[in-house]
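Input: a single structure, listed below in structure tokens.
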Ligand code: AP5
Ligand code: MG
């Protein structure tokens, strides 16, 4: 079974995904993380994606669907080799109608299914405050916030000791562009999943622990209710 985390930039999808994936035995598949890894490795995809990400624009649908399909093939190979893989937890994908249709077709071909789409909500001013103060570890991916969850030792990652940084797309211009693209391209997908009866909504404007407890409960309920 696969699960999607949807919601505007800064609502806490990435923050929640690591814990939820561990607790539910899912593999966290963040298209943003996959693009950032390609940029860091300076692959041809990374060179093409860098300018798009920095501006807060969307990577073309065919390229995004391609990296998701490759990642699902890797998971299937790990499963075949004996690793326990329950499914994927998609974070930041799909985010256009073409990507949602493409994912449906991909899963149908593979005989796999979506168990739930979790929508996170929070007011716009909270999103902007969270994104403006976000710090990330470029080495291990840990996420911090200068006010809400700073690293214990100033700007050093608690988990791996690397220097934390501000993401290149957490500038006021790129934040504005990303949030407006969410409203135009991604929010309409909520109805698409609501019509399929698999959309659940979580109030993301609470403490990390409270949000996390709700998510795990909703996914466990969905997994048992539509097997
Ligand atoms: P992506 O990496 O997905 O970034 P994004 O869309 O901008 O979303 P965010 O990561 O900003 O939001 P989040 O909800 O994960 O917030 P977080 O948990 O970090 O994509 C980056 C780019 O890649 C895109 O712009 C696009 O160019 C490209 N891309 C990716 N996927 C694509 C696709 N499918 N199609 C095309 N292009 C694609 O939390 C934010 C902050 O809030 C943190 O500081 C955190 O500490 C804090 N926080 C979190 N929860 C709480 C809480 N409960 N209380 C207080 N603070 C909190
Ligand atoms: Mg994220």
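The length gained by stretching the chain between residue 128 and residue 156 to full extension, at 0.36 nm per residue less their Cα-Cα distance, is 7.7 nm.
Scoring 73-84, 115-126, 27-38 by mean Cβ neighbours within 10 Å over their residues and listing the highest first yields 27-38, 115-126, 73-84. In this label model, residue 79 and residue 148 are separated by 3.3 nm, measuring between points 7 Å along each Cα→Cβ vector. Applying 1/(1 + (r/R0)^6) with R0 = 35 Å to the Cβ-Cβ distance of residue 61 and residue 209 gives a FRET efficiency near 0.45.
Between residue 23 and residue 176, the FRET efficiency estimated from the beta carbon spacing at R0 = 41 angstrom works out to 0.75. If both residues of a DSSP beta bridge must be in the chain, then about 30% of such bridges are antiparallel.
Taking label positions 7 Å along the Cα-Cβ direction at both residue 223 and residue 98, the computed distance is 3.4 nm, reported to one decimal.
Kindly identify segment 106-227 as rounded, prolate or oblate by the Cα gyration tensor criterion: order the square roots of the eigenvalues as a ≥ b ≥ c, call it rounded if a/c is under 1.5, otherwise compare a/b with b/c, prolate if a/b is larger, else oblate. Prolate shape, in that a/c is at least 1.5 and a/b is the bigger ratio. Taking only the Cα atoms of the chain, the ratio Rg/Rh comes out at 0.94, with Rh defined as the Kirkwood radius.
Where a number appears in this text, it was derived from the coordinates with a stated rule and is not lab data. As the structure is a prediction and not an experimental result, all values here were calculated from the model. As a convention, Cβ positions derive from the backbone with ideal geometry for all residues, glycine included, and neighbour counts pool all protein chains shown.
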